[in-house]
1. Using the Cα centre as the reference, give the magnitude of the dipole from point charges on the C-beta atoms of the chain (Lys, Arg: +1; Asp, Glu: -1; all else neutral), rounded to the nearest 20 debye.
2. Say the dipole of the chain comes from +1 at the beta carbon of Lys and Arg and -1 at that of Asp and Glu; which of CYS32, LEU72, THR46 then lies farthest toward its positive end?
3. State which entries of LYS10/LYS88; LYS41/LYS90; LYS41/LYS85 exceed 30 angstrom in Cα-Cα distance in the structure shown.
4. Using a Gaussian network model of the chain whose springs link C-alpha atoms within less than 10 Å, name the residue from GLN74, GLN18, GLN31 with the highest mean-square fluctuation.
5. Do any trypsin sites (Lys or Arg not before Pro) in segment 1-55 lie in a DSSP loop with no more than 16 other beta carbon atoms within 10 Å, and if so, which?
6. What angle, in degrees between 0 and 90 and rounded to the nearest 10, separates the Cα long axis of helix 12-22 from the longest principal axis of the Cα atoms of the chain?
7. For helix 74-99, report the angle its Cα long axis makes with the longest principal axis of the Cα atoms of the chain; keep it between 0 and 90° and round to the nearest 10°.
8. So what does LEU78 come to for accessible area, using a 1.4 Å probe and Å² rounded to 10?
Amino acid sequence: MPIDYKLYPKNWKWLSKQIRKRSAENDGIEQCELCCAENGKLHPYTNSKVVLTVHHINFDVTDSHELNLIALCQRCHLRLDIREKLRKRKIRADDVKDTSK
């Protein structure tokens, strides 16, 4: 699903860069805050190049408060997002069932 950047703050690029930098505060290496895969290196599980992304912890893209954002590798980001997408899909399916009665 494409990202609707109209929902994000105007300074999103700067903000997401700050969150990725925050992931490097302890050892100077930008890394996934869940699995510690290092940005720009090969992922230890997938063997693909890691590109850090920024995830909204509460899944609300309009809530870009620093405490709601976390730097993640693609693998961790997708693993977290899939649960939320499945939850929303179930809610939509339940809504359709309710209207068909």
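The values are calculated or read from the model by the stated rules, or taken from the named source; none is laboratory data. Note that the coordinates shown come from a computational prediction; the quantities given were computed from them, not determined experimentally. Neighbour counts are summed over all protein chains in view; Cβ atoms, including those assigned to glycine, are modelled from backbone coordinates with ideal geometry. Remember, those area values only see protein heavy atoms, side chains included, never the ligands or the DNA or RNA. Shrake-Rupley method; radii C 1.70, N 1.55, O 1.52, S 1.80 Å.
1. 420
2. THR46
3. LYS41/LYS90
4. Taking springs between Cα atoms under 10 Å, the residue moving most is GLN18.
5. Filter output for segment 1-55: LYS10, LYS41.
6. It works out to around 50 degrees.
7. Helix 74-99 sits roughly 10 degrees off the main axis of the chain.
8. It works out to around 120 Å².
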